[in-house]
Amino acid sequence: MRVIFLGAPGTGKGTQAVWLSEKFAIPQISTGDILRKAVAEGTELGKAADAIMKSGGLVSDELIVALVRERLEQPDCRPGFILDGFPRTIAQGESLDLMLGREKAIQSVLFFEVSEAEIVTRLTSRRTCSGCARNYNMISDPPPASGLCDSCGGRIIQRPDDSEETVRKRLQVYEEKTAPLKEFYNEQKKLYILRAEQPVERVREELVTLLSGL
Ligand code: AMP
């Protein structure tokens with residue numbers, strides 16, 4: 001299975017990708033998670049990405065494409081993969097097509113559809129474990145009172161880019177740069193719409209139904 005989860009930030013792509021990755025034993029490749037790790041480790045990539053991420057902008061296509069190329073060459077990607085947060089521009093989508101060629105082309109692109117108002121609520125109430133990247137939500141899934149993650153004991157924080165101002169900027173960037181990918185994949189006849197504003201369990205069911213029908 002080689003799939004892309006496409007959609008604005010905060011539409012639940014990460015949550016569903018983690019689950020699907022475990023179910024099918026294929027890696028979830030989140031460029032956001034890879035970049036946050038690089039920032040935390042202070043690598044060259046992390047230094048280049050830090051300020052851009054905090055401002056809600058996009059890291060350069062060149063850096064991201066190189067990072068994804070390297071990741072997809074790892075042996076664990078052979079049986080398939082879920083791309084979460086990549087591609088985010090038409091140029092990244094075109095590079096991915098070239099990288100995979102015909103034989104290993106993406107099979108389907110699931111578009112996570114959620115209204116803008118709901119996205120803003122979800123993102124500004126999101127809290128994230130600084131250790132394992134697990135997400136909590138102050139409204140629907142509050143973190144433990146200790147402020148430490150149930151899964152790994154890491155410290156739970158609000159991502160700097162989940163502040164309301166940065167969320168609005170990220171949504172603007174999404175509309176401008178990422179939304180055109182919907183048409184890009186629609187033309188390739190690979191696009192499927194997922195009603196992602198429903199509760200997590202329902203989205204999961206819809207996802208499984210969709211994937212099993214492909
Ligand atoms: P995410 O966790 O997917 O919301 O990504 C967090 C931030 O990482 C984004 O706001 C961008 O600054 C950066 N980022 C993640 N993926 C990409 C990508 N494919 N292209 C450019 N920047 C990215």
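The values are calculated or read from the model by the stated rules, or taken from the named source; none is laboratory data. The shown structure was predicted, so the numbers you read here are calculated from the model rather than taken from an experiment. Here the Cβ is made from the backbone with ideal geometry for all residues, glycine too, and neighbour counts use every protein chain on show. The area values use the complete protein model at the heavy-atom level, side chains included, leaving out ligands, DNA and RNA. Shrake-Rupley method; radii C 1.70, N 1.55, O 1.52, S 1.80 Å.
Think of each Lys and Arg Cβ as +1 and each Asp and Glu Cβ as -1; about the Cα centre, that makes the dipole of the chain roughly 240 debye.
One chain, two ends: Ala48 and Ser151. Fully extended at 0.36 nm per residue, the span grows by 34.1 nm beyond their Cα-Cα distance. The Stokes-Einstein estimate for the chain, based on a Kirkwood radius over Cα pairs and taken at 20 °C with 1.002 mPa s viscosity, is a diffusion coefficient of 121 µm²/s. For Arg159, the residues whose modelled amide H falls within less than 5 Å of its own, excluding neighbours fewer than 5 places apart on the same chain, are Thr128. Of the residues Ile157, Ile119, Ile29, the one that moves most in a GNM of the chain with alpha-carbon contacts below 10 Å is Ile157. If the chain linking Ser140 and Lys37 were pulled fully straight, counting 0.36 nm for each residue of separation and taking away their Cα-Cα distance, it would gain 34.5 nm. The simple Förster model, with R0 at 25 Å and r as the Cβ-Cβ distance, assigns Gln107 and Glu70 a FRET efficiency of 0.70.
By the beta carbon rule, with partners counted only under 4.7 Å, the chain holds these lone Cys residues: Cys77.
When the helices of the chain are scored as -39500 (n - 2.57) per DSSP H run of n ≥ 4 and the total is divided over every residue, the value at 222 nm lands at -14000 deg cm²/dmol. Taking label positions 7 Å along the Cα-Cβ direction at both Leu210 and Glu197, the computed distance is 1.5 nm, reported to one decimal. Here the relative contact order of the chain, from alpha carbon pairs under 8 Å that lie six or more residues apart, stands at 29 percent. For the modelled label position 7 Å from the Cα of Ser130 along Cα-to-Cβ, which residues of region 3-38 have backbone nitrogen atoms closer than 15 Å? Output list for this probe position: 36-38. Each residue of region 22-27 is assigned a 3J(HN,Hα), and the resulting list reads 6, 4, 9, 6, 10, x Hz, derived from the Karplus form 6.51 cos²θ - 1.76 cosθ + 1.60 (θ = phi - 60°), x at Gly and Pro. Projecting the Cα atoms of Val167, Val200, Gln188 onto the charge dipole of region 155-214, computed from C-beta unit charges around the Cα centre, puts Gln188 farthest toward the positive end. In a fully extended conformation the segment linking Phe24 and Gln188 would gain 56.6 nm over its present Cα-Cα distance, using 0.36 nm per residue. The accessible-area ordering, largest first, of the residues Arg102, Arg36, Arg195 stands as Arg102, Arg195, Arg36, per a 1.4 angstrom probe. Note on Cys152: accessible area is roughly 70 Å² with a 1.4 Å probe, heavy atoms of protein only.
By DSSP, the beta bridges lying fully in the chain are antiparallel in about 30 percent of cases.
Rounded to the nearest Hz, the phi-derived 3J(HN,Hα) couplings of region 93-98 under the Karplus curve 6.51 cos²θ - 1.76 cosθ + 1.60 (θ = phi - 60°) are x, 5, 5, 5, 4, 5, where x marks glycine and proline. Each principal axis of the Cα atoms in region 1-106 has its own extent, and those three values, largest first, are 36, 28, 25 angstrom. With θ taken as phi - 60° and the Karplus curve 6.51 cos²θ - 1.76 cosθ + 1.60 applied, the whole-hertz 3J(HN,Hα) list for region 136-151 is 10, 9, 4, 9, 9, 8, x, x, x, 4, 5, x, 10, 5, 4, 7 Hz, x standing for glycine and proline.
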